[in-house]
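Colleague: My questions all concern the structure below.
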Amino acid sequence: NAPVTDSAVSAATSVPTASLAQRLDAEPWYRPQGDELAQFSAAAAAGLPVMLKGPTGCGKSRLVEHMAWRLGRPLVTVACNEDMTAADLVGRFLLDATGTRWQDGPLAQAARLGAVCYLDEVVEARADTTVVIHALTDHRRSLPMDKKGELLQAHPDFLLVISFNPGYQNLSKELKPSTRQRFVALDLDYPDAATEAAIVSGETGLDADRAARLVQIAQASRRLRGQGLREGMSTRLLVYAARLLLQGLPWASACRTALVQPVSDDATLQQALLDTVMALGE
Ligand code: ADP
């Protein structure tokens with residue numbers, strides 16, 4: 001790898017995209033589900049790209065934030081969508097009053113700086129977009145910037161992390177094997193009840209008793225997956241419910257707003273979930 005010189009780094013930081021890289025000063029709190037911290041750390045130390053799989057709101061982004069903080073590296077997060085082009089990741093020439101100037105995209109910026117680059121919901125991006133990450137994920141660790149005529153060598157600290165939700169996958173939105181087999185993969189899921197209650201309490205300060213009951217409601221909703229519910233209640237929604245309870249909202253009201261209504265529009269299903277809420281109520 002070509003060493004990244006100070007001037008290369010300062011050139012990257014002098015462009016406005018520098019604000020994309022977030023340096024985390026305070027520790028983002030993360031409660032492990034299993035041995036994912038050891039696995040992630042080992043992958044980072046070995047310079048291997050990481051794929052996080054798991055349902056929405058189960059802690060994937062929080063894990064990445066926590067690991068970026070642990071590693072002492074800046075974090076660049078990109079929420080992927082189907083309109084995203086390779087140029088959105090790599091960079092483009094911009095026209096301004098003084099002429100044209102190059103602006104690094106988030107991926108190029110992270111590769112230059114030695115940041116963690118997190119491509120959230122990567123399956124949303126089209127295959128011709130995701131292909132730009134290929135050379136960064138193997139021994140080349142480089143990013144071809146064709147329009148600029150540069151082959152960017154990634155900084156040794158650069159780490160690529162992608163995430164997706166396997167539950168949402170359909171054939172048109174699946175990572176190609178040639179892409180996915182470039183990553184080590186961590187399977188995350190909603191944690192066991194005790195861990196999830198500890199997350200809800202630890203994140204919000206809600207008492208253990210109510211946190212445990214919120215988790216029971218979520219677990220009941222997850223059993224309805226496929227029976228009208230596309231996805232059960234996430235840990236994120238439990239955190240929301242806890243925050244509403246701590247604002248003083250009554251149990252039924254907090255659970256309806258934060259748990260039931262976000263996951264379903266169907267009156268019958270909502271009523272079934274509300275029955276569970278009331279059965280576990282105060
Ligand atoms: P994802 O990226 O999987 O959609 P997030 O990482 O954004 O989900 O998690 C959603 C929220 O749930 C977080 O903001 C945090 O409040 C909480 N959370 C989930 N899992 C954990 C965990 N293991 N430790 C701490 N907080 C968690």
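Bear in mind that the values in this text are calculations on the coordinates, not laboratory data. What you see is a predicted model; the values in this text were computed from it and never measured. Counting neighbours? That spans all protein chains shown, and the Cβs are built from the backbone with ideal geometry, glycine included.
Condition check ((1) loosely packed, with under 14 Cβ neighbours inside 10 Å; (2) closer than 30 Å to Asp275 by Cβ) across all residues:
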residue: His134; (1), (2): no, no
residue: Asp138; (1), (2): yes, no
residue: Ala154; (1), (2): no, no
residue: Leu229; (1), (2): no, yes
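Colleague: Just to be sure I understand, how many residues within region 198-210 are part of a helix (DSSP H, G or I) and away from the ligand (no atom under 12 Å from the Cβ)?
Modeller: Of all residues in region 198-210, those part of a helix (DSSP H, G or I) come to 198-204, 208-210.
Right, trim to away from the ligand (no atom under 12 Å from the Cβ) and you get 208-210.
Residues flagged as part of a helix (DSSP H, G or I) and away from the ligand (no atom under 12 Å from the Cβ) within region 198-210 amount to 3.
Colleague: Here is a further query. Are any residues in region 107-121 under 25 Å from Pro166 (Cα atoms) and surrounded by fewer than 22 Cβ atoms within 10 Å (Cβ to Cβ), and if so, which ones?
Modeller: Asp120, Glu121
Colleague: Provide a single number: the residues in region 59-76 that are among the polar types (S, T, N, Q) and more than 7 Å from the ligand (Cβ to nearest atom). Step through it out loud before you land on a result.
Modeller: Residues of region 59-76 that are among the polar types (S, T, N, Q), as a first pass: 61.
From what's left, more than 7 Å from the ligand (Cβ to nearest atom): none.
Within region 59-76, residues that are among the polar types (S, T, N, Q) and more than 7 Å from the ligand (Cβ to nearest atom) number 0.
Colleague: Could you list, in sequence order, all residues of region 20-36 that are out of contact with any strand residue (DSSP E or B) (no Cβ under 6 Å at 6 or more places or on another chain), near the ligand (Cβ under 10 Å from one of its atoms) and more than 30 Å from Asp104 (Cβ to Cβ)?
Modeller: Listed by number, the residues that qualify are Trp29, Arg31, Pro32, Gln33.
Colleague: Looking at (1) assigned to a strand (DSSP E or B); (2) under 21 Å from the mean Cα position of the chain (by Cα); (3) away from the ligand (no atom under 14 Å from the Cβ), which one does Leu152 not meet, given that it meets all the others?
Modeller: All conditions pass for Leu152, except number (2).
Colleague: For region 85-119, what are the residues that are closer than 14 Å to Leu136 by Cα and among the hydroxyl-bearing types (Ser, Thr, Tyr)?
Modeller: Passing the criteria: only Tyr118.
Colleague: Out of all the residues in region 244-251, is one or more among the aliphatic types (A, V, I, L, M), more than 16 Å from the ligand (Cβ to nearest atom) and either in contact with a strand residue (DSSP E or B) (Cβ under 9 Å, 6 or more places away or on another chain) or not in a helix (DSSP H, G or I) (or both)?
Modeller: yes
Colleague: Checking Leu229 against (1) away from the ligand (no atom under 16 Å from the Cβ); (2) farther than 16 Å from Thr56 by Cα: exactly one of these is not met. Which one?
Modeller: The failed condition is (2).
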